[in-house]
Amino acid sequence: MVAPPGIDIIAADARRALAEDVGAGDLTAALVPERASADAGIVSREPAVLCGVPWADEVFRQLDERVHIEWEAHDGERIAAGQRLCRVTGPARPVLTGERTALNFLQTLSGTATVARRYADAVAGTRCRILDTRKTLPGLRDAQKYAVRCGGCDNHRRGLYDGILVKENHIVAACGIGPAVRSARALHPGVAVEVEVESLDEVREALAAGADILLLDDFTLDDTRAAVSLAGGHARLEASGGIDLARLREVAETGVDFISVGSLTKHVRAIDLSMRFNKIV
């Protein structure tokens with residue numbers, strides 16, 4: 001089971017989303033009698049991998065703790081078209097107010113988890129793992145990285161503060177791969193150093209400098225295989241650069257350790273979910 005982010009992060013996400021959506025108050029929900037109760041369900045209109053349950057729970061908790069959600073599916077599970085995911089009961093006003101905000105979290109995060117599952121399935125049986133990137137929706141990085149894990153893929157660094165990735169512009173500014181790696185070792189001992197390389201010559205240079213991980217940027221299959229041979233297990237290799245599902249398996253089979261895919265979190269298509277009200281009394 002994949003652990004979600006801390007409740008403080010989820011609560012902040014929900015609070016921000018409700019402030020954006022509800023503002024000073026739900027003008028339409030106020031038309032419903034204050035004592036009315038709702039009985040509703042959230043249904044999937046297409047196959048997917050579910051993700052976002054803690055965020056949906058928190059949305060309704062912040063609106064009214066009397067709203068009760070009984071989940072019939074859980075994060076990381078495959079769901080079918082027409083499947084009911086949960087039953088929602090409680091005061092009608094907060095159920096109506098929270099409907100869209102809760103669905104936004106569920107649809108977006110399920111979209112990310114569903115794509116991640118397709119990528120994870122595509123490399124099943126190889127030693128390669130699929131990584132996400134920092135190309136996330138602003139303000140939802142923890143949520144999307146959780147969704148990636150729910151889909152069976154792995155996270156790259158969370159931000160600029162928890163990993164070193166020396167890219168082309170860093171190399172230029174540091175006057176070369178060797179000086180960049182040496183500076184990284186001196187400033188942050190114990191932190192793995194990853195270097196982006198664009199040719200086999202740069203692979204040799206990064207290996208000589210003692211880089212822990214090499215990011216192979218837009219390498220051909222032949223050059224990727226050559227890089228695997230050159231590394232000889234002394235550094236881990238990450239392939240990147242527009243690698244889609246059609247090419248994924250053949251890149252994984254070259255022997256690289258990782259493939260990073262920005263589209264897991266960047267190209268988001270929300271899953272079609274809806275809330276259906278059975279009755280309001």
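Computed quantities for the displayed model
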{"read-out": "Test result for Leu221, out of contact with any Gly (no Cβ under 7 Å at 6 or more places or on another chain), surrounded by fewer than 16 Cβ atoms within 10 Å (Cβ to Cβ) and within 30 Å of Gln107 (Cβ to Cβ)", "value": "no"}
{"read-out": "Selection count, the range 7-45, where residues are touching a residue at least 60 places away in the same chain (Cβ under 8 Å) and over 21 Å from Ile69 (Cβ atoms)", "value": "2"}
{"read-out": "Condition met for Val261 (farther than 30 Å from Cys51 by Cα, buried (at least 16 other Cβ atoms within 10 Å of the Cβ) and not polar (S, T, N, Q))", "value": "no"}
{"read-out": "Output for the range 124-180, where each listed residue is under 9 Å from the mean Cα position of the chain (by Cα), not in a loop (DSSP other than H, G, I, E, B) and not basic (Lys, Arg)", "value": "Asp142, Ala143, Gln144, Tyr146, Ala147, Val148, Cys150, Asp154"}
{"read-out": "Unique residue being in contact with a Lys or Arg (Cβ under 9 Å, 6 or more places away or on another chain) and either within 16 Å of Thr101 (Cβ to Cβ) or aromatic (Phe, Trp, Tyr) (or both) when the list is Ala12, Ala3, Ala17, Ala40", "value": "Ala40"}
{"read-out": "Selection count, the range 1-48, where residues are in contact with a strand residue (DSSP E or B) (Cβ under 6 Å, 6 or more places away or on another chain) and part of a helix (DSSP H, G or I)", "value": "0"}
{"read-out": "Selection within the range 128-148 - surrounded by fewer than 20 Cβ atoms within 10 Å (Cβ to Cβ) and out of contact with any Asp or Glu (no Cβ under 7 Å at 6 or more places or on another chain)", "value": "Thr133, Arg134, Lys135, Leu137, Pro138, Gly139, Arg141, Asp142"}
{"read-out": "Single residue of Glu65, Glu77, Glu46 found to be surrounded by fewer than 18 Cβ atoms within 10 Å (Cβ to Cβ), of a type in the set (D, E, K, R) and under 16 Å from Ala147 (Cα atoms)", "value": "Glu77"}
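Residues checked against (1) among the small types (Gly, Ala, Ser); (2) within 15 Å of Val195 (Cβ to Cβ):
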{"position": "Ala231", "(1), (2)": "yes, yes"}
{"position": "Ala239", "(1), (2)": "yes, yes"}
{"position": "Ile243", "(1), (2)": "no, no"}
{"position": "Val251", "(1), (2)": "no, no"}
{"position": "Phe258", "(1), (2)": "no, yes"}
{"position": "Gly262", "(1), (2)": "yes, no"}
{"position": "Thr265", "(1), (2)": "no, no"}
{"position": "Leu273", "(1), (2)": "no, no"}
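Coordinate-derived values only; no laboratory data. Predicted model, so just to flag it, every value in this text is computed and none were measured. Virtual Cβ from ideal backbone geometry, glycine too; neighbours counted across all protein chains shown.
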